[in-house]
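Student: Before I ask anything, let me first share the structure, which is written out below as structure tokens.
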Amino acid sequence: MKNMLLSLMLWAGFTATSALADPQMGEQFDQVAQQITTDQPAKIEVMELFWYGCPHCYHMEQPLQAWVKKLPADVYFKRIPALPNANWAPLAKTYFAMQELGVLEKLHSQLFDAIHKSKALSPQADEAAAIDWVIKQGGLDKIKVEKAFKSFAVNMQMNKAMQTFRASGATGVPALIIDGKFITGSSMAGGNEAALQTADFIIQNVRKDRAAGKK
């Protein structure tokens, strides 16, 4: 009986410790300012808000890519450049232009490296400098690249990104928006790895709520 009581006490202590270790709403994560419509409602969306000029976003890339590769089938990942102000617009537009040109997968990591590793491009690069970089690194025609930067599709994506950032209530990047309802990030969670662990925690709870028929 004494051993059983000891086991129960140990288990209770372990459970309490585990509960305390769980990320807490209002601390490691929070609700978004306004719910964001996801692309695939049947799945759980994880959206990263980032900026190419942000060193924290640069350091998030490696652990984030490893994390994304392990996501289960009911979760999908997307990126959106953060647009809190006009200074971030040139590099945000570069992301969408590269997407329009079909070179995003090839040049995404290279652009981060160009800014933070080789210093070939300034975080405050204007649109002209960004266009030149894409032309050289992508081996693309100048007129084609300039057309992509000025395209209706890219401008529409820029407007949508601005609205998404406002709706998220994000105060910094990198930030992760889960299911269009919850937000966490490196500064909130206490580091890049902690942010990804918090995202895992939120995903698990969203999955449970869906299974229980909750919205």
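Residues are listed down the side, and each one gets a yes or a no for (1) of a type in the set (Asp, Glu); (2) touching a residue at least 12 places away in the same chain (Cβ under 8 Å); (3) surrounded by fewer than 18 Cβ atoms within 10 Å (Cβ to Cβ); (4) within 18 Å of Ile80 (Cα to Cα):
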residue: Pro123; (1), (2), (3), (4): no, yes, yes, yes
residue: Ile135; (1), (2), (3), (4): no, no, yes, no
residue: Asp141; (1), (2), (3), (4): yes, no, yes, no
residue: Phe182; (1), (2), (3), (4): no, yes, no, yes
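Student: Can you name every residue in the stretch 68-92 that is within 20 Å of Lys208 (Cβ to Cβ) and touching a residue at least 40 places away in the same chain (Cβ under 8 Å)?
Tutor: Asp74, Val75
Student: Report yes if some residue within the stretch 149-163 is without any contact (Cβ under 8 Å) to a residue 12 or more places away in the chain and farther than 23 Å from Leu49 by Cα; otherwise report no.
Tutor: no
Student: Which one of the conditions (1) in a helix (DSSP H, G or I); (2) touching a residue at least 12 places away in the same chain (Cβ under 8 Å); (3) within 30 Å of Leu71 (Cα to Cα) does Ile131 fail to meet, given that it meets all the rest?
Tutor: (3)
Student: Check whether at least one residue in the stretch 171-178 is part of a helix (DSSP H, G or I) and either surrounded by 17 or more Cβ atoms within 10 Å (Cβ to Cβ) or in contact (Cβ under 8 Å) with a residue 60 or more places away in the chain (or both), and report yes or no. Spell out the reasoning first.
Tutor: Taking the stretch 171-178 as the starting set, the residues that turn out to be part of a helix (DSSP H, G or I) are none.
No, the stretch 171-178 has no match at all.
Residue-wise test of (1) at pLDDT 95 or above; (2) closer than 15 Å to Val46 by Cα; (3) out of contact with any helix residue (DSSP H, G or I) (no Cβ under 6 Å at 6 or more places or on another chain).
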site	(1), (2), (3)
Glu127	yes, no, no
Ile135	yes, no, no
Ala170	yes, yes, yes
Gly190	no, no, yes
Ala194	yes, no, yes
Thr198	yes, yes, no
Gln204	yes, yes, yes
Lys215	no, no, yes
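Student: So, one more: Are any residues in the stretch 41-97 among the aromatic types (Phe, Trp, Tyr) and closer than 17 Å to Ala199 by Cβ, and if so, which ones?
Tutor: Once the filter is applied, which keeps residues that are among the aromatic types (Phe, Trp, Tyr) and closer than 17 Å to Ala199 by Cβ, the stretch 41-97 yields Phe50, Trp67, Tyr76, Phe77.
The values are calculated or read from the model by the stated rules, or taken from the named source; none is laboratory data. Bear in mind the structure is a predicted one, so any value in this text is a computation, not a measurement. No Cβ is skipped: glycine too gets one built from the backbone with ideal geometry, and neighbour counts run over all protein chains shown.
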